[in-house]
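The values are calculated or read from the model by the stated rules, or taken from the named source; none is laboratory data. What you see is a predicted model, and the numbers here were worked out from it, not measured in a lab. Methodologically, a virtual Cβ is constructed for each residue, glycine included, from the backbone with ideal geometry; neighbour enumeration extends over all protein chains shown. The protein model used for the area step is the full one, side chains on, heavy atoms only, and it has no ligands, DNA or RNA in it. Shrake-Rupley method; radii C 1.70, N 1.55, O 1.52, S 1.80 Å.
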Amino acid sequence: MTSNTSSLGAPREFAAAPPATAHQGFVLRIVGAAAFAHLLNDLIQAVLPAVYPMLKSQFSLSFAQIGWISLVYQVTASLLQPWIGYYTDRHPKPYLLPLGMVVTLFGIGMLALSTSYPMLLVAASLVGVGSSTFHPEASRVARLASGGRFGTAQSTFQVGGNTGSAIGPLMVAAIVVPFGQQAIAWFMLVALLAIWVLLRITQWRLHHAPAQVVAAGRQALNRLSRAQVVRALAVICVLMFAKFVYIAAFANYFTFYLIERFALPVQQSQLYLFAFLASVAAGTFAGGPVGDRIGRKAVIWVSFLGVAPFALLLPHADLFWTAVLSIAIGLVMSSAFAALVVYAQEAVPGRVGLVSGLMFGLMFGVGGLGAAGLGNLADSHGIVWVYGLVAYLPLLGLVTAFLPETRARQPRPAAR
């Protein structure tokens, strides 16, 4: 590929698309394949936090060391994602999707064979590198196949990842906990399946790259001034901080919280974590279609302020109500992510890879920093105290008032 852009500034991968794609609708098989690949990718990623209790015992780790493993993984993923998205906006590299999963394959194999803490850190970083190539490029594919229903496509894509995150701890409880660290190698089969799916998606992208889908999505945009874009992105950063530090408290430490406060065994605590993560998957799916109908900003309002009462009650609840409240929190708060991603893509049109990389990068980076910080706080104050502190984070959703409107409502294109 000797030249990367057309005279209109669009990548030639898209500008050269055949006219038959101009009026395509929602390409369900491609959005579904991207969501399934996201399920497989995030299932693998969920292995790492799910085995933290086992690794903590086997390697005599502190909470702070657990937090550093999470930080290494998530920062590796987050720092690379915006750069990969920025580069592929200008120089499309469709085969990065399966190649990134190959790196993940090696990372999960090394995690199964690690014999020291430094090896665990290297394995975590490899899984992070693989993730950094997956999210911006797979999110781009979901948008290309959306037929203009960007929120629906993004939430479908994201719910695949959340479903994988929910299934991961169950598979760890069934496979790894009874048989030990080396059983993690079974997840290499999941990575191999993901490589095959991503190769098929790449073939579709090479032959059906629809520039018209992207162009149609820009017609309803309300162009923002430079100052409005800066303000919008600053508000999004605050919202991402609140959302993903709070989610990190559950994804990384909910099992420890249940074990310490209610004396649950590890395997039973994994079931409660699964219930929370499953509710996150269900809530994520609702956010995109609703955002397509009523606007992204309205969804963000409901997501943050709607969850605040549940978050404030949870540290004072018994085991039954802890389970109920955690499910409610997962359902309501998770609806915001697809809305935040599509809002940012609308605020900065024409930079799908960069924006997707920034958003998923913020998700991983903030989650990693949150995990490390919460781990240190748990060492010094206890995990129960940490849950009392993070209960106030959803109140930061009040900054949603400063988000400008980015688009008007538009009719839903027909699905095919």
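Some points to look at:
- A count restricted to segment 162-208 and to residues that are open to solvent by less than 10 Å² (accessible area, probe 1.4 Å) and out of contact with any helix residue (DSSP H, G or I) (no Cβ under 8 Å at 6 or more places or on another chain) stands at 0.
- Taken together, the residues in segment 107-155 that are closer than 23 Å to Ile294 by Cα and not charged (D, E, K, R) amount to 13.
- Which numbered condition Leu79 misses (of (1) outside any helix (DSSP H, G or I); (2) surrounded by fewer than 24 Cβ atoms within 10 Å (Cβ to Cβ)): (1)
- Among the residues making up segment 1-59, those that are in a helix (DSSP H, G or I) and at pLDDT below 50 are Arg12, Glu13, Phe14, Ala15, Pro19, Ala20, Thr21.
- So Ala282, is it of a type in the set (A, V, I, L, M), within 22 Å of Leu358 (Cα to Cα) and assigned to a helix (DSSP H, G or I): no
- Scanning segment 218-242 for residues that are open to solvent by 40 Å² or more (accessible area, probe 1.4 Å) and modelled with pLDDT of 85 or more, we see that the one that is farthest from Val307 (Cα to Cα) is Arg231.
Residues are listed down the side, and each one gets a yes or a no for (1) touching a residue at least 24 places away in the same chain (Cβ under 8 Å); (2) open to solvent by 10 Å² or more (accessible area, probe 1.4 Å); (3) on the phi < 0 side of the Ramachandran plot; (4) in a helix (DSSP H, G or I):
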residue: Gln267; (1), (2), (3), (4): yes, yes, yes, yes
residue: Pro289; (1), (2), (3), (4): yes, yes, yes, yes
residue: Ile300; (1), (2), (3), (4): yes, no, yes, yes
residue: Leu305; (1), (2), (3), (4): yes, yes, yes, yes
residue: Pro309; (1), (2), (3), (4): no, yes, yes, yes
residue: Ala323; (1), (2), (3), (4): yes, yes, yes, yes
residue: Phe337; (1), (2), (3), (4): yes, no, yes, yes
residue: Val342; (1), (2), (3), (4): yes, no, yes, yes
residue: Met359; (1), (2), (3), (4): yes, no, yes, yes
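For every residue, the table says whether it meets (1) of a type in the set (D, E, K, R); (2) modelled with pLDDT of 80 or more; (3) surrounded by 21 or more Cβ atoms within 10 Å (Cβ to Cβ); (4) closer than 23 Å to Leu369 by Cα.
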position: Tyr257; (1), (2), (3), (4): no, yes, yes, yes
position: Ala275; (1), (2), (3), (4): no, yes, no, no
position: Lys297; (1), (2), (3), (4): yes, yes, no, no
position: Leu313; (1), (2), (3), (4): no, yes, no, no
position: Ser334; (1), (2), (3), (4): no, yes, yes, yes
position: Glu346; (1), (2), (3), (4): yes, no, yes, no
position: Arg351; (1), (2), (3), (4): yes, no, no, no
position: Ser356; (1), (2), (3), (4): no, no, yes, yes
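- Single residue of Gly100, Gly147 found to be modelled with pLDDT of 80 or more, of a type in the set (Gly, Ala, Ser) and more than 18 Å from Arg351 (Cβ to Cβ): Gly100
- Filtered residues of segment 141-161 (kept if open to solvent by 20 Å² or more (accessible area, probe 1.4 Å) and either free of Cβ contacts under 8 Å to residues at least 12 places away in the same chain or of a type in the set (S, T, N, Q) (or both)): Thr156
- Test for Ser131: is it in contact with a Gly (Cβ under 8 Å, 6 or more places away or on another chain), assigned to a helix (DSSP H, G or I), among the small types (Gly, Ala, Ser) and at pLDDT 80 or above: yes
- Residue within segment 115-126 that is surrounded by fewer than 20 Cβ atoms within 10 Å (Cβ to Cβ), among the β-branched types (Val, Ile, Thr), part of a helix (DSSP H, G or I) and free of Cβ contacts under 8 Å to residues at least 60 places away in the same chain present: yes
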